[in-house]
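The values are calculated or read from the model by the stated rules, or taken from the named source; none is laboratory data. Here the structure is a predicted model, which means the values were calculated and not measured. Reconstructed Cβ throughout: ideal geometry from the backbone, glycine too, with neighbour counts over all protein chains shown. Ligands, DNA and RNA are excluded from the accessible area calculation, which covers all protein heavy atoms including side chains. Shrake-Rupley method; radii C 1.70, N 1.55, O 1.52, S 1.80 Å.
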Amino acid sequence: MTTRPPPPGTVRPVDGGWWDRLRRVDPRIWDALLALGVVAVGVVAFALRQHRADEPPAALGFALVIVAGSSLACRRRAPLTVATIVSAAVATGSLLGYWPEFVALLWIAVYSAAAYCERDRLVRVLLPVAVVTSVAISIGERWDRGLNWIEILTDLIVTFGIPVLLGRMTFNRRRRIVREREFATREAVVAERAAIARELHDVVAHHMSVMVVQAGAARAVGEADPAAAAEALRQIEASGRTGLAEMRRLLGILKSEDDGDGRAPQPGLADLGQLIDAMRATGLPVEAVVEGQPRPLPLGIDLSAYRIVQEALTNSLRHGGGASARVVVRYEPDALELEVADDGPGPPDDPGPPGGHGLIGMRERVQLFGGELEAGPRPGGGFLVRARLPTESESPA
């Protein structure tokens, strides 16, 4: 009796460092902290400045700093609105002689607008705001000398041009990353469909081999033992129906060139114990529960169920950061339900370079059998993958 090799791809548990944990923090929290820090610094700077005798009440300057700084908390959700509010505060403060206290606020707001807005909206809204604000800054700095359009142009470049340039660089980088991720996702879908097609090809080939063997047996004992011949024909009929059902699915996905000889046995839920032992050996505590009465499953569903559990556990190991996992295999009258839950932080949700595409493979496998897949963070913490695969037998063609 030969033993099957352990699941491919030994994965070491990786505990994300402090930078990964920071990247998982909700961006709205960072924006709120930024706004709070900017308001605090602005208020302190405004309080420490030397006030002129002809200045308006200091309360007006404090109010402008607080309003402009607080608006930065929405710099990602409403960047153009924030840029307009800050520019209005800067223009008013400049006319009152408060310009230097607002320069950092204006740079952050303009950079955010350029980084998070499409070019057409940015030009349509920000350009007139920039011109009006630059003129107000120039008037506030040069009450006695009148307007100097060269100085206004210089202020426009320094206060708006530079942060816009930096913001557009960030916008283009983010858009390039998103495009690369979409391309990688499409490539992963194609690769997963090809892998599924190869596996189903082996399943269909297995059924065809069984039919050939049973047909030969029926021919050999047809006259001497009619009952054995009838049983062989029944097996041929059952294998043929199952093979046709798998062939329908196989024809619905991309088929790439086979690699290997296809004679290696495909795993199923009977091998789930070996998979869990292998995951435990790599450092992921796993609990397995079987609910309902186990029964033989179609080979394609059995194989896909194993792969779904394998990929979900691999994701828990990769992104769990020392978490534990629980696997539930639930046999229902007309379906097989799988649940893999862990208590780790889950995969990062950021526009960085694409990592693994396990969820894509799971979704492709579930859709192939007309099932349902849920995957996402759990309300109490951790990550949950739930798949439901219908097991009703295919009707004969």
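Of all residue pairs spaced 6 or more apart or on separate chains, those with beta-carbon atoms under 6 Å, a first member in the range 357-379 that is closer than 17 Å to ASN315 by Cα and a second member that is part of a helix (DSSP H, G or I) and among the polar types (S, T, N, Q) are GLY358/ASN315; ARG365/SER304.
So if I check each of ARG12, ARG52, ARG77, which one is open to solvent by 100 Å² or more (accessible area, probe 1.4 Å) and modelled with pLDDT of 85 or more? Steps first, answer last, please.
Details: ARG12 fails: modelled with pLDDT of 85 or more; ARG52 fails: modelled with pLDDT of 85 or more.
Within the list ARG12, ARG52, ARG77, the selection yields ARG77.
When restricted to residues that are assigned to a loop (DSSP other than H, G, I, E, B) and closer than 23 Å to PHE46 by Cα, the range 64-80 contains 1.
Inside the range 157-195, residues that are acidic (Asp, Glu) and open to solvent by less than 90 Å² (accessible area, probe 1.4 Å) make up a count of 1. Which residues, taken from the range 25-44, are open to solvent by 50 Å² or more (accessible area, probe 1.4 Å) and more than 32 Å from the chain's Cα centre (by Cα)? Once the filter is applied, which keeps residues that are open to solvent by 50 Å² or more (accessible area, probe 1.4 Å) and more than 32 Å from the chain's Cα centre (by Cα), the range 25-44 yields ALA40, VAL41, VAL44.
If only residues of the range 117-127 that are of a type outside the set (D, E, K, R) and open to solvent by 70 Å² or more (accessible area, probe 1.4 Å) are counted, the one that is farthest from the chain's Cα centre (by Cα) is LEU127. Consider ILE108 carefully, then state whether it is open to solvent by 40 Å² or more (accessible area, probe 1.4 Å) and either within 23 Å of ASP31 (Cα to Cα) or in a helix (DSSP H, G or I) (or both). It is true that ILE108 is open to solvent by 40 Å² or more (accessible area, probe 1.4 Å) and either within 23 Å of ASP31 (Cα to Cα) or in a helix (DSSP H, G or I) (or both).
Could you check the range 55-70 and list, in sequence order, the residues that are of a type outside the set (A, V, I, L, M, F, W, C), within 41 Å of the chain's Cα centre (by Cα) and open to solvent by 20 Å² or more (accessible area, probe 1.4 Å)? Passing the criteria: only SER70.
Being modelled with pLDDT of 85 or more, open to solvent by less than 60 Å² (accessible area, probe 1.4 Å) and not in a loop (DSSP other than H, G, I, E, B) is true for just one of ALA245, ALA312. Which residue is that? First the steps, then the outcome.
Numbers: ALA245 fails: modelled with pLDDT of 85 or more.
Just one listed residue meets the conditions, ALA312.
Within the range 163-194, the set of residues being under 26 Å from TYR111 (Cβ atoms) and of a type in the set (Val, Ile, Thr) comprises VAL164, THR170, ILE177, VAL178.
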